[in-house]
Amino acid sequence: MLGSEAKLSYLGHGLMENRNRLLVRTMVTQADGTAERDAALLMAWKTTAKLPGSRRITLGGDQNYDTRDFVSTVR
């Protein structure tokens with residue numbers, strides 16, 4: 001409708017490998033306020049579950065991911 005507000009309904013997410021800047025996994029979710037953190041957890045879990053060995057893995061994110069619940073879940 002012309003003149004009406006736009007409503008965000010979907011978000012696209014990408015998980016990248018830092019050293020070579022390769023896109024490792026993508027995902028689309030409905031925008032609900034926590035979709036970014038939920039998608040990050042799911043993509044990180046699916047990606048790291050396939051890695052051999054028990055080496056330490058590091059993740060990076062912006063300030064929106066710096067919440068007590070997110071950090072404790074990732075650890």
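The values are calculated or read from the model by the stated rules, or taken from the named source; none is laboratory data. Computed from a predicted model, the values in this text were never measured in an experiment. Every residue, glycine as well, gets a Cβ built from its backbone with ideal geometry; the counts of neighbours run over all protein chains shown.
What's the total number of residues in the stretch 1-39 that are touching a residue at least 12 places away in the same chain (Cβ under 8 Å) and among the hydroxyl-bearing types (Ser, Thr, Tyr)?
Let us first name the residues in the stretch 1-39 that are touching a residue at least 12 places away in the same chain (Cβ under 8 Å), namely 8-15, 18, 24-31, 35-37, 39.
Filter once more, keeping what is among the hydroxyl-bearing types (Ser, Thr, Tyr): 9-10, 26, 29.
Count: 4.
Of the residues making up the stretch 10-34, those that are small (Gly, Ala, Ser) and modelled with pLDDT under 90 are Ala31, Gly33. Scan the stretch 48-72 for residues that are in a loop (DSSP other than H, G, I, E, B) and surrounded by 10 or more Cβ atoms within 10 Å (Cβ to Cβ) and the total you get is 4. Filtering the stretch 1-47 to residues that are surrounded by 10 or more Cβ atoms within 10 Å (Cβ to Cβ), small (Gly, Ala, Ser) and not in a loop (DSSP other than H, G, I, E, B) leaves Gly14, Ala35, Ala39, Ala40, Ala44.
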